[in-house]
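For reference, the structure is listed below as structure tokens.
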Amino acid sequence: MELSEGIAMNDYAFGNYLYELRRRAGLTQKEMAQQLGVTNKAVSKWETGRSKPTTNALRKMAVLFGISVEKLLENRGGARHMDITKIVITGGPCAGKTTAMSWIQSNFTKRGYTVLFVPETATELITGGVAPWTCGSNAEYQKCQMKLQLEKERVFEQAAATMPVDKVLIVCDRGLLDNKAYMTELEFSCVLSALDCNEVELRDAYDAVFHLVTAAKGAERFYTTANNAARTETVEQAAELDDRLIAAWTGHPHLRIIDNATDFEEKLKRLIAEMSAFLGEPEPLEIERKFLIGYPDVSALEKLPNCQRVEIIQTYLHAAGGEESRVRQRGMDGNYIYTQTTKRKVTGCKRIEVERRLSKDEYLRLLMDADVSCRPIRKTRYCLTYDNQYFEIDVYPFWQDKAILEIELGSEETPIRFPEHIRVTREVTEDESYKNASLAKAFL
């Protein structure tokens, strides 16, 4: 019994259908979960399309709603392929987000996307009188903001799933992890508990995150508070907040940072180019360089605010000639997301890459097609932002003296500014022996 046909990436259409069935039955998520013998968090994930129910859960649902399993699986609009991609445009104060939204609308509408914009929740609340200084505490305000944002995104996802189009791009003016930059660790932990969420679930619910660096870092003469009633930060405060926002999103598998190295128009062109590459317009190209480095001081890395540890298990599947296919479990502290990636080499550091999100059940099913000539690769990844570049340091259990550093680039000519505390041995981008697929065979 498969749920993978019809909707690509997140299965919003099925989730929306399930939500309507539950609503018509007059059940809360908690009540439905009790009837099915699952957690209300599981029901929430089904309804938002971020995971899919097991065959056993489907049978119970069919009984609960008085319909057949086959009927349950039917999309009300008929079976069709539809791509719904949800991204975040974030950044420090006065980064150019407002203008960026109009550029995104213009460029991607021309490419056949229906573009939907989720407005910035903080601005809506603050201009409406709901603010950290008007609520009982900052934590209480953040609970309100994140709860509203979750619901707004859900509404947009539901609406997108009903649209008779092939490609929908949902653009969130700031995402849920932006809120982390405005809280202490204790406040953030309390808010997550109140919302019954975890950080991996909230961060990785978006397909990609694009951070526009504040004008307060590198374009100070253009920094202003005049064009946003909710903006009160000085140049120094804006730069500090920008760093905290980048740190909040560090760990996301597709984080891109657009700095002020060029004038503003070129900055926006770079944003559109990065988005186009991610979306696969015209092709989903990945430009990645890889370096052998000395074994890093992991305890020092874990103390950095701009570094996030991620645990990864990567399993290679049988694939067609010239392609590489793998599935990956990625997350931390028992909270994971699952993806399948297919890659085809174009040049030494340029590849065509197609990635899709999986439910846990899909992931487990695909493991049955594992290439037994390769061992599953386990690694600890340290995602590190440095000087507006995003590095990934992979530490393997079978090496005690070295590690691999990777960076994805906008072009093959982009200069790399390595972190000062990283000792680079040599580049191994085109060295087959250091590719994960080779390591999976070498350390059987």
Out of Pro415, Pro419, report the one residue that is part of a loop (DSSP other than H, G, I, E, B) and without any contact (Cβ under 8 Å) to a residue 24 or more places away in the chain. Pro415
Top-ranked residue of the range 372-393 - restricted to ones that are surrounded by 17 or more Cβ atoms within 10 Å (Cβ to Cβ) and free of Cβ contacts under 8 Å to residues at least 60 places away in the same chain, ranked as farthest from Ser51 (Cα to Cα): Phe391
What pairs can you find where one residue is in the range 290-301 and under 10 Å from Thr425 (Cα atoms), the other is open to solvent by 20 Å² or more (accessible area, probe 1.4 Å) and among the acidic types (Asp, Glu), and their Cβ atoms are less than 7 Å apart, with a gap of 6+ or different chains? Phe291/Glu427
Of all residues in the range 394-430, how many are in contact with a helix residue (DSSP H, G or I) (Cβ under 9 Å, 6 or more places away or on another chain), open to solvent by 10 Å² or more (accessible area, probe 1.4 Å) and more than 30 Å from Asp242 (Cβ to Cβ)? 1
Quick check on the range 335-349: of everything there that is touching a strand residue (DSSP E or B) at 6+ places or on another chain (Cβ under 8 Å) and open to solvent by less than 50 Å² (accessible area, probe 1.4 Å), which residue is nearest to Cys197 (Cα to Cα)? Ile337
Before we move on, is Gly128 without any contact (Cβ under 8 Å) to a residue 60 or more places away in the chain and either under 21 Å from the mean Cα position of the chain (by Cα) or open to solvent by 50 Å² or more (accessible area, probe 1.4 Å) (or both)? yes
Residues located in the range 135-178, provided they are closer than 16 Å to Thr121 by Cβ, open to solvent by 50 Å² or more (accessible area, probe 1.4 Å) and more than 16 Å from the chain's Cα centre (by Cα): Glu140, Lys143, Cys144, Lys147, Leu148, Glu151, Val155, Phe156
Could you say which residue among Glu240, Glu236, Glu265 is part of a helix (DSSP H, G or I), free of Cβ contacts under 8 Å to residues at least 24 places away in the same chain and either in contact with an Asp or Glu (Cβ under 9 Å, 6 or more places away or on another chain) or among the aliphatic types (A, V, I, L, M) (or both)? Glu240
Tally the residues that are open to solvent by less than 30 Å² (accessible area, probe 1.4 Å), modelled with pLDDT of 90 or more and not charged (D, E, K, R), restricting the search to the range 206-235. 11
Yes or no: Leu358 at pLDDT below 90 and among the aliphatic types (A, V, I, L, M)? yes
Would you confirm whether any residue within the range 359-371 is within 27 Å of Gly410 (Cα to Cα) and under 23 Å from the mean Cα position of the chain (by Cα)? no
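Answer yes or no as to whether Thr214 is closer than 25 Å to Thr262 by Cβ, in contact with an Asp or Glu (Cβ under 9 Å, 6 or more places away or on another chain) and not in a helix (DSSP H, G or I).
Values: closer than 25 Å to Thr262 by Cβ: yes; in contact with an Asp or Glu (Cβ under 9 Å, 6 or more places away or on another chain): yes; not in a helix (DSSP H, G or I): yes.
Criteria met by Thr214.
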How do the pairs read when you match residues in the range 168-189 that are closer than 12 Å to Val209 by Cα with residues anywhere that are aromatic (Phe, Trp, Tyr) and open to solvent by less than 10 Å² (accessible area, probe 1.4 Å), using Cβ under 6 Å and keeping only pairs 6 or more apart or on different chains? Gly175/Tyr206; Leu177/Trp249
For the range 6-60, how many residues are of a type in the set (Asp, Glu) and either modelled with pLDDT under 75 or open to solvent by 60 Å² or more (accessible area, probe 1.4 Å) (or both)? 2
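Residues are listed down the side, and each one gets a yes or a no for (1) modelled with pLDDT under 90; (2) farther than 17 Å from Tyr390 by Cα:
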residue: His254; (1), (2): no, no
residue: Thr262; (1), (2): no, yes
residue: Leu271; (1), (2): no, no
residue: Ala277; (1), (2): yes, no
residue: Glu283; (1), (2): yes, yes
residue: Ile293; (1), (2): no, no
residue: Asn306; (1), (2): no, no
residue: Tyr316; (1), (2): no, yes
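The values are calculated or read from the model by the stated rules, or taken from the named source; none is laboratory data. Just so it is clear, the structure is predicted and the values come from calculations on it, not from any experiment. Note that we place each Cβ from the backbone using ideal geometry, even for glycine, and neighbour counts take in every protein chain shown. Side chains included, ligands, DNA and RNA excluded: accessible areas come from the protein's heavy atoms. Shrake-Rupley method; radii C 1.70, N 1.55, O 1.52, S 1.80 Å.
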